[in-house]
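Everything below concerns the one structure shown next.
What follows draws every value from the coordinates through simple rules; no lab data is involved. Given the structure is predicted, the values throughout are model-derived calculations rather than measurements. Cβ atoms come from the backbone with ideal geometry, glycine included; neighbour counts cover every protein chain shown.
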Amino acid sequence: MEFRSEKFGGPLELLLSLIEKEEMDITEIALAKIADEYIAYLKNSAHIDPEQVADFLVIAAKLLYIKSKALLPYLSTPEEDEEIEELEQQLRMYKEFQEASKGLEKMLSKKKFSFVRDLGKSGKRRQLFVWQKFSPPKNLNKEMLREHFDYILGFLTAEEIELKEEVIEHKISIDEKIILIQKKLMDKITFSFSQIIRESGNKTEIIVSFLAVLELAKQRELVFEQDGLFSEIFINKLN
Amino acid sequence: MATLKSQLESLMFVANKPLTVKELADLLKIKTAEVDSAMDELSLDYTNAGSGLQVIKNNGKYQMVSSAENAAVVQEFIKDETSGELSRPSLEALTVIAYRGPITKIDLDRIRGVNCSLIIRNLLIRGLIEEKADKEKKESFYNVTMDFIRYLGINRLEDLPDYERLHKDDTIDKILNREEPMEIVSDSI
Amino acid sequence: MATLKSQLESLMFVANKPLTVKELADLLKIKTAEVDSAMDELSLDYTNAGSGLQVIKNNGKYQMVSSAENAAVVQEFIKDETSGELSRPSLEALTVIAYRGPITKIDLDRIRGVNCSLIIRNLLIRGLIEEKADKEKKESFYNVTMDFIRYLGINRLEDLPDYERLHKDDTIDKILNREEPMEIVSDSI
């Protein structure tokens, strides 16, 4: 399918393009219908920026809920229904701005730019204005320069560390998680879902685990078992 | 008063950069409201006379620029090669900031449904948006810059199509003010 | 014709230097006599309106300048621009240029995380930094001026405190080597 090779700037853009491809309005039914396609796109995550994976997964989890609700309506709760309503509203809001951005794109393409007074291309000792002259600030000494530079370096170091951590965080793919769960099923015929949650390092990984389990259920490798609402979910190997 | 308008005109010409209403008021020792009304008048004069100049107002600042109508001949003269092309995500973020600014990062994230840290950094570096820190609220707000407005060929953001509606939209406000409208999992950079 | 006058006005404004009648005529593909008569008209408009701008003709060249009546307030503005303390962002940029110069504008922008056009303009005006063009690379590099170095009471940059260590610190190199999808739209200051 062509859409799978396209790169999307975010989950809402992907959602909207899927819905519009089906020529549907933004409704719960439409969302349920395109859930599979959305997840199929996500699996080939080569076109998703690593720092956006989490945002795509949050929406994936919502779509799966909507889909499961379409199949098993008695499972829904008012809070969760409100969340669906919110997703629809959010999507409509996004659509407004997407359309507005096309308007801006058109304006920019007309090249009706306004310009400031030209300060000339760079040259030796460029003089910007005739009134330019050496006028240093009063209270500045070389020690202050050193302090400021040290401060800047400290700030940049902190920023650099943060960036690195961010990149490492999003390294688990659904496929990797599926393999992990398959291995687990080889050792044990049954285990609880909370065990998977415990083994997940962060929120993103929990969502990935959830998607992986759902995928394996779809492929008929496992089934769920739950005694009642909010009670522990057990995962059992099939065959 | 003719003199006041004339003084403002001279100042903006010489400055060749955005000047805040306050800077102008202090220089001329008048009230900011007087600056605003003289500037409105000047801007109207330029439009009515089909002048080659115009005044852009943005975010409490004024700047004198050449009129958008004459873009082609000016661009030829200064051999400017600006294409005005932007990537889709950049354009989308700029649109949201133009219509909803001043806007926080979290609200921008909510509207686009995705973490916008890198795009914000990119737009800041390119001078298309600017950041203003609100120390009391411990939050940063983003606005588009004069430079971006210069590329659009308008005098102020209010001239954007549908500005009034999108800027004040109730539904959008409601969605943005929800307690936990959408979880952005990854933290900001 | 209004359009011709308006185009001349835009060109004179943007040019920021005297233009010959011939240059203007060539740009607009009209006769020099037409330029002269439109310019006379524009000049008259400015006088009649008590404008803050005026057109001066000297040696067959035209130039737009601020009107002589407003000299006092313009002087005031220039004084403000070139005196007083530096803002913190300006001071930080100056520091980076001192310890890391020669440095390009885009590298400075990336280190500071914001567009530094206005800051560079301010430091250039005050004679604290200077610009050198590298014609091969089509880039400009910034350095602090000799005037500034002497003002600090030293003879060369290497005499800045901790220069060796700070000049070679690789934190900045890491930031600059980071991949960043930069769409360059404009090449302003």
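The region of chain A that goes longest without hitting one of the chymotrypsin sites (Phe, Trp or Tyr not before Pro) in a DSSP loop, each with at most 15 other Cβ atoms within 10 Å, is A:1-130. Sorted from nearest, the other copies put their B:Lys29 label points 5.3 nm away, the label point being 7 Å from Cα in the direction of Cβ. Going by the alpha-carbon gyration tensor, a ≥ b ≥ c the square roots of its eigenvalues, is the range B:1-115 rounded (a/c under 1.5) or, if a/c is not under 1.5, prolate (a/b greater than b/c) versus oblate? Oblate is the answer for the range B:1-115, as a/c is 1.5 or above yet b/c matches or exceeds a/b. A crude spin-label estimate for the pair B:Glu164 and C:Gln63, with each label 7 Å from Cα along the Cβ direction, gives 4.7 nm. The C-alpha atoms of chain C define a longest principal axis, and helix C:71-82 lies at about 20 degrees to it.
Go ahead and estimate [θ] at 222 nm for chain A from helices alone: -39,500 (n - 2.57) per DSSP H run with n ≥ 4, summed, over the residue count, rounded to 500.
Values: 8 runs with 143 residues, N = 239.
Estimated from H runs of four or more residues: -20000 deg cm²/dmol.
Using C-alpha pairs under 8 Å with a sequence gap of at least 6, the mean separation divided by the residue count of the range B:1-158 gives a relative contact order of 21 percent.
I'd like the orientation of helix A:11-21 relative to chain A: the angle between its Cα long axis and the longest Cα principal axis, in ° from 0 to 90, rounded to 10. So the helix axis and the longest Cα principal axis differ by about 70 degrees.
Please give the calculated 222 nm ellipticity per residue for chain C, where each DSSP H segment of at least 4 residues contributes -39500 (n - 2.57) and the sum is spread over every residue; nearest 500 deg cm²/dmol? Don't skip to the end; give the middle numbers.
Numbers: 10 runs with 101 residues, N = 189.
Rounded to the nearest 500, it is -15500 deg cm²/dmol.
Exceedance of the 25 Å cut-off in Cα-Cα distance is limited, within the set B:Lys57/B:Lys132; B:Lys105/B:Lys135; A:Lys7/A:Lys184; A:Lys111/B:Lys22; A:Lys33/A:Lys102, to A:Lys7/A:Lys184; A:Lys111/B:Lys22; A:Lys33/A:Lys102. Among the trypsin sites (Lys or Arg not before Pro) found in the range C:127-158, those both in a DSSP coil and sparsely packed, with 16 or fewer other Cβ atoms within 10 Å of their Cβ, are C:Lys135, C:Lys137, C:Lys138, C:Arg156. Comparing B:Asp170, B:Asp80, B:Asp40, which has the greatest mean-square fluctuation in the GNM of chain B with Cα pairs linked when under 10 Å apart? Result for chain B, Cα springs under 10 Å: B:Asp80 fluctuates most.
Comparing A:Ala100, A:Ala61, A:Ala217 in a Gaussian network model of chain A, where Cα atoms under 10 Å apart are tied by springs, the biggest mean-square fluctuation is seen for A:Ala100. Return the loop-located trypsin sites (Lys or Arg not before Pro) in the range C:1-50 (DSSP other than H, G, I, E, B) with at most 14 other Cβ atoms within 10 Å of their own Cβ; answer none if there are none. Within the range C:1-50, the qualifying trypsin sites (Lys or Arg not before Pro) (loop, at most 14 other Cβ atoms within 10 Å) are C:Lys29, C:Lys31.
What separates the C:Asn58 label point from its copies, with the point 7 Å along Cα to Cβ, is 3.4 nm, written shortest first. Among the listed pairs A:Lys21/A:Lys95; B:Lys17/C:Lys17; B:Lys5/B:Lys29; A:Lys183/A:Lys237; B:Lys17/C:Lys138, give every one whose C-alpha distance is greater than 19 Å. Where the Cα-Cα span goes over 19 Å, the pairs concerned are B:Lys17/C:Lys138. The H on the amide N of A:Leu222, modeled in the peptide plane, is under 5 Å from the matching H of A:Ala217, A:Leu238, each at least 5 residues off or on a different chain. For the residue pairs A:Lys133/C:Lys79; A:Lys112/C:Lys31; A:Lys138/C:Lys79, alpha carbon separations beyond 18 Å are given by A:Lys112/C:Lys31.
Along chain C, counting only GluC sites (Glu not before Pro) with a DSSP assignment other than H, G, I, E or B and at most 13 other Cβ atoms inside a 10 Å radius, the longest segment between sites is C:1-84.
The C-alpha atoms of chain B define a longest principal axis, and helix B:2-15 lies at about 60 degrees to it.
Using a 10 Å cut-off around each Cβ, can you sort A:Glu88, A:Glu6 from fewest to most neighbouring Cβ atoms?
Going from sparsest to densest Cβ surroundings: A:Glu6, A:Glu88.
Once a ≥ b ≥ c are taken as the square roots of the eigenvalues of the Cα gyration tensor of the range C:1-40, is the result rounded (a/c under 1.5), prolate (a/b larger than b/c) or oblate (a/b not larger than b/c)? Note, shape of the range C:1-40 comes out oblate. Across the copies of the chain, B:Asp170 has label points (7 Å from Cα along Cα→Cβ) spaced 6.0 nm apart, shortest distance listed first. Among A:Asn139, A:Asn202, A:Asn44, the largest mean-square fluctuation in a Gaussian network model of chain A (Cα springs under 10 Å) belongs to A:Asn139.
The amide H of B:Glu139, built 1.01 Å from its N in the peptide plane, has B:Asp134 as neighbours under 5 Å, considering only residues 5 or more places off or on other chains.
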